[in-house]
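For reference, the structure is listed below as structure tokens.
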Amino acid sequence: MPAPIVTVIDTGTGNLHSVTKALAAVGAETRVASRPDDVNEKSALILPGQGHFGTAMERLHSRGFVSYLRHRLGREN
């Protein structure tokens, strides 16, 4: 069975190394996305954070992730 593909969205506020290391330890193929174009449409998504919600949302908006995530979730309004 192929390894699951998991994309970790880089908001600039989380510890990406720890997240990707943990995913790799359980056999996932991990990728880090700094913009929506970096995301594999078939991958699962992880949005890490450490209590910096305001800053993370600003970065998600500025990098175009909010509209992309709404589209992925079927909530384009």
Worksheet entry | Selected residue [in a helix (DSSP H, G or I) and free of Cβ contacts under 8 Å to residues at least 40 places away in the same chain] from 49, 27, 54 | 54
Worksheet entry | Qualifying residue in the stretch 3-24 (condition: of a type in the set (Lys, Arg), exposed (fewer than 13 other Cβ atoms within 10 Å of the Cβ), outside any helix (DSSP H, G or I) and out of contact with any Asp or Glu (no Cβ under 8 Å at 6 or more places or on another chain)) | no
Worksheet item: With (1) at pLDDT 90 or above; (2) closer than 27 Å to residue 2 by Cα as the list, and residue 61 as the residue in question, which single condition is left unmet?
Response: (2)
Practice prompt. List every residue pair whose Cβ atoms sit under 9 Å apart, with the two residues 6 or more apart in sequence or on different chains, where the first one lies in the stretch 63-76 and is in a loop (DSSP other than H, G, I, E, B) and the second, anywhere, is of a type in the set (D, E, K, R).
Written response: 63/10; 63/35; 64/35; 64/37; 76/70
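The values are calculated or read from the model by the stated rules, or taken from the named source; none is laboratory data. Predicted model, so just to flag it, every value in this text is computed and none were measured. Cβ: placed from backbone, ideal geometry, glycine included. Neighbour counts: every protein chain shown.
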